[in-house]
Structure formats: structure tokens, C-alpha cells
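Below is one structure, written out as C-alpha cells; comments come after it.
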Amino acid sequence: MTVNTPERPETAHPGTTGRWPTLPKAPPQRRRQGPSPEKGELVRALTRCQIDDRMRELGELYTRTSCGQVRASDPSDQDRSAAFRRRLAGHMRRPGFELLVAESDGPLGAVVLTACAYGFPVRGDGPWWDGLDGYLPESLLRVAASGGLFAIVDILVERRVRTQDQSRDWNLARRLQKRLLIDHAAALGVTLVDRANADTLEALLSWGWRRPSAEAREASHLAPGRLLVLH
């Protein structure tokens, strides 16, 4: 399509009528980015006693951050929170368990819980997490036997972390998962995603998780979950 535009008027000399001066161009707008780690949330590990004390708060974080379209037949927020707390209490008994939280300053100086991630090492001799042995190919079993495999069970973050600056190293989800692997000197992280949970799969892929090799896909192609690997 051709668009006709009037010719640009010449720059006027002082005192000349009928002419408009050329206005300076507005400076280009810089793309707004999220906060850097120095200005973002504080990430720290909780002891088991601290987790017990904040269990209800963690359950509320789960219901607030877990994504997916809610149907009328779905459990209530209270039931979902209770189910999450039961799972977490069971996982806390695993050797090497670690839970990280992210906190920021809220109104009136209150500390606000904004995110959480937790997991535990996967050993070559078990016990396995939720039947994980059915998902692991021989190559990952060898990593587990050497103590280099860490299962990240949950990463609970606000919607903005899922949709903004996902590739940045200081993205909060990336910070949490990286810290878990570093704390345990793990070479690889693994996690399982329900095949029906497309939103979580998309978020994890944006944070650097990858689908495993053809060998791993063959090991789990009939399973209800998807195996993802983090280097």
C-alpha cells in the first residue's frame, strides 16, 4: 500500500512566518528489564524446623503460583494446599533434602515469601522418587550411581517469573535451580512433568531444561510424565 505524506517543511529562520522549526527527536526508549540479583529477592535455605514453622505459608504459595486452568471439578485451594504439604512432608525425609525460599520486603517491613524450590539427590541404589527409575536411561543411571544426579521436585514462582526475562541468569527460577545443583555438587538435574501440564513444560524449557536424549525418551515413552534434564 502506498501512503501519501506531506513534504517536510523547511527549517525557519528567526522571525520568518509560515515555517515550523525542526523539533529534536525523542531519545529511543530502552527496554525495561527485571531486577538483577543484587536488587531482587533474597534466596536462602530453610532448615527442617523452619519448614515446619512455615508449612502453611508454603502451602499458600503453592496454590498461588501453581498454574493451569481451574475447572469446577478441581479440588479447592485448601485441599490442594493440604495435598502439597503432605507431599513436601514426605520428601523432607529423603537424604540430602534441601528447600530454598526467596523473600522480599513487603509492606511495613514484613518479609514476604515469593518463591520456593526443593529437591534431593538421586542415588544409584535408591530409594527412587515416584518411580523415577522407570524414566532414567542407562546414561543417567551411571550419573546417579556417581552421586551427580539431583531431582528438583518443585519450583514455585510467580507468573512474572514464568513470562519475563526467562533466559536471564538472574531470573528467579534460574537462580533457585542453579543454587540447588551447586549446593549438592550435582552434574545434572532431573525433574518430571505431567504430560497434560503444558504451561509448566513451557516454563521449564524457557529456564534451560531440555528434553533428554532419544535413549531417555525411549525409556519413558509410555509413562504419564515427561523427564527433563538440566545441565
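The values are calculated or read from the model by the stated rules, or taken from the named source; none is laboratory data. Keep in mind that this is a model prediction, so the values were computed, not measured. With ideal geometry, Cβ positions are generated from the backbone for all residues, glycine too; neighbour counts draw on all protein chains shown. Ligands, DNA and RNA are excluded from the accessible area calculation, which covers all protein heavy atoms including side chains. Shrake-Rupley method; radii C 1.70, N 1.55, O 1.52, S 1.80 Å.
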Quick one: which residues, 5 or more positions from residue 122 or on another chain, have an amide H under 5 Å from its amide H? H modelled 1.01 Å from N in the peptide plane, none for Pro or chain starts. 149, 150, 151
Please list 41, 202 in order of solvent-accessible area, largest first, computed with a 1.4 Å probe with all protein chains present. 202, 41
Run the simple label-point estimate for residue 48 and residue 125 please: 7 Å along Cα→C-beta, distance reported in nm. 2.1 nm
For region 132-164, which trypsin sites (Lys or Arg not before Pro) are both in a DSSP coil and crowded by at most 12 other Cβ atoms within 10 Å? none
Could you work out how far apart the two model spin labels at residue 179 and residue 112 are, taking each label as a point 7 Å from the Cα in the direction of the beta carbon, and quote it in nm? 1.8 nm
Local net charge near residue 125, Cβ-Cβ under 14 Å (Lys/Arg +1, Asp/Glu -1): +2
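Semi-axes of the equivalent ellipsoid for region 39-228, please: Cα gyration tensor eigenvalues, times 5, square-rooted, ordered largest first, whole Å. Intermediate values should be presented prior to the final figure.
On the way: eigenvalues 139, 72, 61 Å².
After scaling each eigenvalue by five and taking roots: 26, 19, 17 Å.
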Once the piece of chain linking residue 55 and residue 198 is laid out straight, how much longer is it, given 0.36 nm per residue of separation minus the C-alpha distance between them? 48.7 nm
With all protein chains present, calculate the accessible area of residue 191 using a 1.4 Å probe and round the result to the nearest 10 Å². 10 Å²
Label-point gap, in nm, between residue 82 and residue 163 - each point 7 angstrom along Cα→Cβ: 3.2 nm
PRE reach from residue 210 (point 7 Å along Cα→Cβ): which of region 175-190 fall under 15 Å by backbone N? 187-190
